[in-house]
Amino acid sequence: MAVTEFERVLARLPHALRDEVARYWEAYREAADKAGVTAPTGAALEQMVPVWACSEFVARSCIREPAALAALLADGSLAASDAPGARAARLDRLLADATDESRLGAALRRFRRREMVRIAWRDLAGLAGLEETLADLTDLAEVLVDAALERLHAWQCQRYGQPRDPDSQPQRLVVLGMGKLGGRELNFSSDIDLMFTYPRQGQTDGARPVSSEEFFRRLGQRLGKILAEPTAEGFVYRVDLRL
């Protein structure tokens with residue numbers, strides 16, 4: 001019987017890891033066939049096998065969404081560092097159709113999973129150093145929080161109006177990243193420590209005005225929920241507000 005390309009690559013792993021990776025491969029091939037996706041070959045396969053051996057998360061994410069891995073390979077995202085602003089631009093495109101909190105939450109979770117696969121793959125394949133990996137993980141958290149806050153703020157303004165200070169200047173919720181997020185040292189399993197504040201007292205300018213304190217209290221609650229609530233898509237981040 002001819003030895004397949006996958007079997008040749010698999011044979012380079014320690015024996016203890018081969019059976020598990022082979023099971024991942026069978027599940028992935030089945031999912032890829034159903035999705036009409038071509039399985040990786042060549043250099044991509046050479047990287048994939050040891051990455052899967054090191055990360056159950058990456059393997060299971062690829063099985064869950066084989067089309068996402070195909071897209072990462074096709075657009076070169078796994079091979080190159082991100083240009084400044086590229087991640088935020090990708091997220092903005094994905095959120096174009098997120099017209100309510102349910103769709104927003106699902107899109108944020110899918111985006112995080114895709115980006116975590118990209119970051120972990122580059123780390124485990126030796127394509128990115130520790131400094132880049134920590135920076136990417138921190139930047140990912142920042143763009144996800146920013147995107148969620150931007151949309152939640154806009155939707156809440158539709159109900160209550162724009163919060164303004166006594167001089168009629170518009171106000172925004174200020175989200176402070178503490179701990180590892182604030183130090184730009186986020187790792188793969190980190191929760192995010194957040195603190196919420198706002199500039200000045202005031203009220204909203206809508207037909208049903210509320211105080212700035214009430215507006216931002218509700219906004220902070222909605223932000224924490226959309227990030228941390230477990231769903232069928234998982235969660236975005238565990239959020240710690242106790243600081």
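Only helices (runs of 4 or more DSSP H) whose full extent lies in the stretch 1-106 are considered here, and the ones with at least 1 residues that are within 30 Å of LEU223 (Cβ to Cβ) are 56-64, 66-74, 86-94.
Taking the criterion of being out of contact with any strand residue (DSSP E or B) (no Cβ under 8 Å at 6 or more places or on another chain), assigned to a loop (DSSP other than H, G, I, E, B), in contact (Cβ under 8 Å) with a residue 12 or more places away in the chain and under 19 Å from ILE119 (Cβ atoms), the residues of the stretch 144-188 that qualify are ARG184, GLU185, ASN187, PHE188. When the residues of the stretch 220-238 are filtered to those that are touching a strand residue (DSSP E or B) at 6+ places or on another chain (Cβ under 8 Å) and of a type in the set (A, V, I, L, M), which remaining residue is surrounded by the fewest Cβ atoms within 10 Å (Cβ to Cβ)? Taking the candidates together, the pick is ALA228. Within the stretch 201-213, being outside any loop (DSSP other than H, G, I, E, B) and out of contact with any Ser or Thr (no Cβ under 9 Å at 6 or more places or on another chain) holds for one residue alone: GLU213.
Against the test of being in contact (Cβ under 8 Å) with a residue 24 or more places away in the chain, out of contact with any Gly (no Cβ under 7 Å at 6 or more places or on another chain), surrounded by fewer than 12 Cβ atoms within 10 Å (Cβ to Cβ) and over 19 Å from ARG151 (Cα atoms), the options ARG208, ARG200 yield a single qualifying residue, ARG208. Among the numbered conditions (1) touching a residue at least 12 places away in the same chain (Cβ under 8 Å); (2) under 25 Å from ALA80 (Cβ atoms); (3) over 16 Å from the mean Cα position of the chain (by Cα), the only one that GLY126 does not meet is (1).
Scanning the stretch 95-119 for residues that are of a type in the set (A, V, I, L, M), surrounded by 15 or more Cβ atoms within 10 Å (Cβ to Cβ) and more than 12 Å from the chain's Cα centre (by Cα) turns up LEU95, ALA98, LEU104. Checking every residue in the stretch 205-220 against the condition of being of a type in the set (A, V, I, L, M, F, W, C) and at pLDDT below 95 gives at least one match.
The values are calculated or read from the model by the stated rules, or taken from the named source; none is laboratory data. As the structure is a computational prediction, the values presented were derived from the model and not from experiment. Glycine also receives a Cβ, built like all others from the backbone with ideal geometry; neighbour counts cover every protein chain displayed.
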